[in-house]
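Read-outs throughout are calculated quantities, based only on the coordinates presented, and are distinct from any laboratory measurement. Just so it is clear, the structure is predicted and the values come from calculations on it, not from any experiment. Glycine gets a Cβ as well: all are built from the backbone with ideal geometry, and neighbour counts include every protein chain shown.
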Amino acid sequence: MADPLIHLAALRKSYNVGAPNEAEILHGIDLQVAPGEFVALMGPSGSGKSTLLNIVGLLERLTTGSYRLQGREVAGLDDAALTLLRRRTLGFVFQFHHLLPAFTALENVTLPALMADGRVSARQREEAMALLDAVGLAAAAGKKPAELSGGMQQRVAIARALVMQPALVLADEPTGNLDTHSADEVFTHLRRIHAERGTAFVIVTHDPRLAARCDRLVELVDGLIARDAPVKP
Ligand code: ADP
């Protein structure tokens, strides 16, 4: 394996530490993901998938253990450093697209650039257009979210997740809200972007058909990794 992009070691996560309702959710996770991997994360509801994704996404802090992102230990970083690292390194796709209704598709895709830099450069606009093209939506760049189907909205959200050229995209049930056909289509675009750009993906899904289209399947049960294996073609 190349130098890991993410390296979790003996990672534990508890909520409500020190309170009577303290609960440990992740019980010692060891996981490495290499640059450019395409990984499915599965497991029963409540097994800790979102918690793990939020920690990897620098949205939640681990309780004990280690998390190195591109070789850098993140456990001791302050919030400002985490925010910078998140913007530079990570992209997010959620089950609900969270597009801004008053903005066009193109404006939604350039939003992360606007938030990071306070402006959108010509290069970033070009990148946003290239990404809309990559998800089959070049012609919809000027449309508002309400004018697009659910699958198209989610494809805009994928373009938005990639506009800052992250090394890793984290997707929490990106097709969970879509019918089978739209889900397949969204997934096809994820795979194409992966092939063209070499971006790493970690995708939480409940759908075994979609997991079968990933390269590696990590299964979480009760806060522990129960299985971690390549997906057979
Ligand atoms: P999954 O994504 O696999 O369904 P989650 O990571 O959402 O699992 O949740 C795992 C467990 O952690 C659940 O029992 C959930 O109730 C608990 N949990 C999640 N977030 C919090 C929180 N902020 N405070 C307390 N408990 C939480």
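Below are the figures for this structure:
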quantity	calculated
Fluctuation leader among ALA134, ALA211, ALA146 - the chain, Gaussian network, Cα springs under 10 angstrom	ALA146
Segment 135-182: trypsin sites (Lys or Arg not before Pro) in DSSP loop, at most 11 other beta carbons within 10 Å	none
Net +/- balance of residues flanking GLN95 in space, Cβ distance below 13 Å, scoring K and R +1, D and E -1	-2
Label point at SER45 placed 7 Å out along Cα→Cβ; residues across segment 173-190 whose backbone nitrogen lies under 17 Å	173-178
Surrounding net charge for THR64, when Lys and Arg each add one and Asp and Glu each subtract one, Cβ distance under 12 Å	+2
In segment 13-81, the GluC sites (Glu not before Pro) that fall in loop regions by DSSP, at most 13 other Cβ within 10 Å	GLU22
Structure-based [θ]222 nm, the chain - -39500 (n - 2.57) summed over DSSP H runs of at least 4, per residue, nearest 500	-10500 deg cm²/dmol
For the chain, built as a Gaussian network whose Cα springs stay under 10 Å, the top-fluctuating residue of ASP172, ASP79, ASP222	ASP79
q = 0.10 Å⁻¹, segment 100-233: log10 I(q)/I(0) [Debye, one scatterer per Cα]	-0.35
Long-range amide H partners of ILE29 with built H, under 5 Å	ALA10, LEU11, ARG12
Residue-count net charge about ALA128 - beta-carbon cut-off 12 Å; Lys, Arg +1, Asp, Glu -1	-1
Additional length obtainable on full extension of the chain from ALA226 to ASP179, 0.36 nm per residue less Cα span	14.0 nm
Descending principal axes extents, segment 44-94, alpha-carbon based, whole Å	32, 26, 18
Ellipsoid equivalent to segment 25-183 - semi-axes via the Cα gyration tensor, in Å	29, 20, 13
